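Quick note: the coordinates plus some simple rules give every number you see, no bench work behind them. All values derive from a computational prediction rather than experimental measurement. Quick reminder, even Gly has a Cβ in these numbers, built from the backbone with ideal geometry, and neighbours come from all protein chains shown.
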Amino acid sequence: MHDRVTFEYAIIRVVPKVEREEFFNVGVLLFSKRKKFLGIKYKIDQTKLAAFSKDLDCNILNDNLKAWESICAGMPLGGAIGRLELSDRFRWLAASRSTIIQSSKTHPGLCTDPAKELEEIFNTYVL
């Protein structure tokens, strides 16, 4: 049990028509301070997207999520936010917003391998 560490995660949602408040899950953000891990995994189901809205371009949503991926990885494409500490990057990405791409409230957990946990949460809540 001593090898388990705390982590936090948030579910990434697409809200095609913000005023209707309907959404579907497309990804997961996971942060573990002790393991120095910040990861993201996402996939936009084009069939679901079309059922919610025919006006949204899947490529634009993917480009936006790639920017989130750059922020997680601390890449130059992540800009000023990508240069922040891991915890600050996670907090910025998981913050409440009223845009088409949103995050759920954060949820805590314990794990030994954050990358494996990210995969399991993704499989449970997105796929």
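About the Cα centre of the chain, what is the dipole size in debye to 20, counting +1 per Lys and Arg Cβ and -1 per Asp and Glu Cβ, all else neutral? Mind dumping the intermediate values first?
Numbers: 19 positive and 16 negative charges, 53 e Å.
Roughly 260 debye for the chain.
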What residues from region 94-115 fall in the zone where the backbone N is under 20 Å from a label point 7 Å along the Cα-to-C-beta line of Lys17?
-> 98-102
Quick one: helix 58-73 against the long Cα principal axis of the chain, what's the angle to the nearest 10°, folded into 0 to 90?
-> 20
Treating only the Cβ atoms of Lys and Arg (+1) and Asp and Glu (-1) as charged, compute the dipole magnitude of region 57-127 about its Cα centre; round to the nearest 20 debye.
-> 280
Nonlocal amide H pairs with Phe37, under 5 Å, H built at 1.01 Å | Ser32
Simple spin-label estimate for Lys43 and Asp3 in nanometres, 7 Å along Cα-Cβ = 2.8
